[in-house]
1. Does the stretch 103-125 include one or more residues that are without any contact (Cβ under 8 Å) to a residue 60 or more places away in the chain, part of a strand (DSSP E or B) and more than 18 Å from residue 56 (Cβ to Cβ)?
2. Restricting attention to the stretch 147-160, which residues are crowded, with 17+ Cβ neighbours inside 10 Å and in a loop (DSSP other than H, G, I, E, B)?
3. Given (1) farther than 26 Å from residue 52 by Cα; (2) in contact with a helix residue (DSSP H, G or I) (Cβ under 9 Å, 6 or more places away or on another chain); (3) surrounded by fewer than 16 Cβ atoms within 10 Å (Cβ to Cβ), identify the lone condition not met by residue 97.
4. Would you confirm, using the coordinates I've provided, whether residue 176 is assigned to a strand (DSSP E or B) and either in contact (Cβ under 8 Å) with a residue 12 or more places away in the chain or closer than 20 Å to residue 69 by Cα (or both)?
5. Is at least one residue of the stretch 144-167 touching a strand residue (DSSP E or B) at 6+ places or on another chain (Cβ under 7 Å), at pLDDT below 95 and at positive phi?
6. So residue 142 passes all but one of these: (1) within 21 Å of residue 67 (Cβ to Cβ); (2) within 14 Å of the chain's Cα centre (by Cα). Which condition number does it fail?
7. Of all residues in the stretch 36-53, how many are free of Cβ contacts under 8 Å to residues at least 24 places away in the same chain and either in a loop (DSSP other than H, G, I, E, B) or in contact with a His (Cβ under 6 Å, 6 or more places away or on another chain) (or both)?
Amino acid sequence: MASRSLKVVPEGGDSALGARLRQERDRVGLSLRELARRLEVSPSLVSQIETGKTQPSVRTLYAIVNELGVSLDDVFARENGGVRTTRGKGKKRAGADPVQRAHDRSVIDLGSGVHWERLTTWNDRDVDFLYAIYEPGGASSPDESLVRHNGREFGIVVSGSLGVTVGFDEYVLEPGDSISFDSSVPHRLHNDGDQVVNAIWVVLGRHHPPEQ
């Protein structure tokens with residue numbers, strides 16, 4: 001598979017993503033200050049994300065969608081400019097095209113130098129199937145800050161060199177290397193090199209409650 005270069009995000013961030021997050025917050029009846037309190041961030045940060053003045057990191061985006069009780073599909077934008085509004089039920093919609101064309105993927109550009117493209121044509125709440133691009137210096141969360149959530153992760157690097165922190169262990173994945181781990185273990189994905197990293201990433205069961 002040929003590697004892809006990172007898309008250029010318009011200066012000021014992804015206003016469409018912020019608008020969708022605000023729409024979901026309004027839908028569940030949560031105030032901006034209450035969402036900020038639950039996320040343990042400042043109300044100004046939430047406001048800047050919703051107005052497109054800044055973009056959330058992977059860690060912040062996961063925290064927001066978890067609090068709002070929505071899937072990533074609900075905040076993805078279509079690469080051709082449209083917005084998907086149909087809410088899936090975790091299964092393939094009847095009549096949905098099984099082929100996701102490369103030019104028509106749903107996308108999210110994140111402020112942490114990360115670009116996600118969804119690799120399915122429908123919303124599957126059991127699986128996040130993503131083409132992930134990390135620009136030089138891009139990371140799923142800031143230095144010394146790890147992410148944890150429900151589910152299991154599986155990834156393979158297509159090009160570039162991707163650093164992966166899982167718990168107290170550090171790994172460097174080169175093209176063709178793959179990794180799998182429990183997402184409840186604190187982790188961080190980061191590109192410390194000077195070349196764009198392209199990877200395929202799968203998260204299973206992120207929406208499921210943790211096993212007792």
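1. no
2. Within the stretch 147-160, 149, 150, 151, 160 qualify.
3. Condition not satisfied by residue 97: (2).
4. Numbers: assigned to a strand (DSSP E or B): no; either in contact (Cβ under 8 Å) with a residue 12 or more places away in the chain or closer than 20 Å to residue 69 by Cα (or both): yes.
No: the conditions fail for residue 176.
5. The answer is yes, given that some residue of the stretch 144-167 is touching a strand residue (DSSP E or B) at 6+ places or on another chain (Cβ under 7 Å), at pLDDT below 95 and at positive phi.
6. The single condition residue 142 does not satisfy is (2).
7. 3
The values are calculated or read from the model by the stated rules, or taken from the named source; none is laboratory data. Predicted model only: the values in this text are computed from it and were never measured. Cβ coordinates were reconstructed from backbone atoms using ideal geometry, including for glycine residues, and neighbour counts include every protein chain displayed.
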